[in-house]
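Step one of this worksheet: look at the structure below.
Each reported figure results from applying straightforward, stated rules to the coordinates on display, with no laboratory input. Since this is a predicted model, take the numbers as computed values, not measurements. Here the Cβ positions follow ideal geometry from the backbone for every residue, glycine too, while neighbour counts run over all protein chains shown.
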Amino acid sequence: MAGGKSTAADLGAYICFEDEAGQGLRPPKGRTWAPVGARPVVTVRGKGSGRVNMAGVVAYRDGERPHLFYRLHVYRRRKGEPKTFSWIDYRDLIVVTHQHLGAPLVWCWDNLNVHLARQLADFAAANADWLRIVQLPTYAPELNPVEGVWSLLRRSLANFVVADLTGLVRLVKRKLKKIQYRPHLLTGCLTQTGLTLDTPAKP
């Protein structure tokens, strides 16, 4: 990661971390209240109801507030329907992030197969003036601040009840928007990884 931080400092770029998560209609479990001796029951839909896939990116630059961007993909288990994001979706997420921030990006993510697609490598090469892609170490989710975002989201979704995927999409968007407007939470996600934005002074 030191190389990525040096590159970001040289370019005046944001360091962006990307990761994926998914949520079905069965909610994460959380503590709740119930009458003494009565087990609380939350009625939810079973398997086969589809899921909402989420691709999130948090962007940091020294001295500025952090940003969260995301993209959703709804999978309804229909025949021929893509199960998750394509390389085009990831390209579009990179482009939208760049347009919103108006600055170069150092884009950090894991070695998911689609991240390694030739089309994305070609896209990065064609836009090398504002985009650098850095692979995170294999099996190191603890180095990705977006994992902290998913933890916050799951906590806020505990014991939810929605009727269908449309309701779940609305709920996920509302919860992610709350995190977007709380930059101290995004700063905390970075702190939890042990990574810092400062770079060593050059001799």
> Using a Cα distance threshold of under 22 Å, what count of lysine pairs results for the chain when pairs must be 8 or more residues apart or interchain?
Replying inline: 9
> With charges only on Cβ, +1 for K and R and -1 for D and E, what is the dipole size of segment 37-170 about its Cα centre, in debye, rounded to 20?
Replying inline: 880 debye
> For helix 165-180, what angle does its Cα long axis make with the longest principal axis of the chain, in degrees from 0 to 90 and rounded to 10?
Replying inline: 50 degrees
> Where does the Debye-calculated log10 I(q)/I(0) of segment 48-119 sit at q = 0.11, 0.15, 0.21 Å⁻¹, using only Cα point scatterers of equal weight, no solvent?
Replying inline: -0.34, -0.60, -1.00
>> Rg over Rh of the chain, using C-alpha atoms and the Kirkwood radius, what does it come to?
In response: 1.02
> Dipole size in debye (nearest 20) for segment 125-193 around its Cα centre, Lys and Arg Cβ +1, Asp and Glu Cβ -1?
Replying inline: 440 debye
> What angle do you read, to the nearest 10 degrees and between 0 and 90, between the alpha-carbon axis of helix 146-156 and the longest principal axis of the chain?
Replying inline: 20 degrees
> Rounded to the nearest 0.05, what FRET efficiency is calculated for R26 and H100 with R0 set to 35 Å and r the Cβ-Cβ distance?
Replying inline: 0.60
>> Using Cα-Cα distances under 8 Å and only pairs 6 or more residues apart, what relative contact order does segment 53-143 have, in percent?
In response: 21 percent
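For Cα pairs less than 8 Å apart in space and 6+ apart in sequence, what is the mean separation divided by the residue count of the chain, i.e. the relative contact order in percent?
Over the chain, the number comes to 29 percent.
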> What number comes out for the charge environment of G188, summing +1 per Lys or Arg and -1 per Asp or Glu over other residues with Cβ under 15 Å away?
Replying inline: +2
> Is the shape of segment 107-203 best called rounded, prolate or oblate, per the rule: a/c under 1.5 gives rounded, else a/b larger than b/c gives prolate, else oblate, with a ≥ b ≥ c the square roots of the Cα gyration tensor eigenvalues?
Replying inline: oblate
> Which residue fluctuates the most in the chain, going by a Gaussian network model with Cα springs under 10 Å, if the choices are F123, F85, F160?
Replying inline: F123
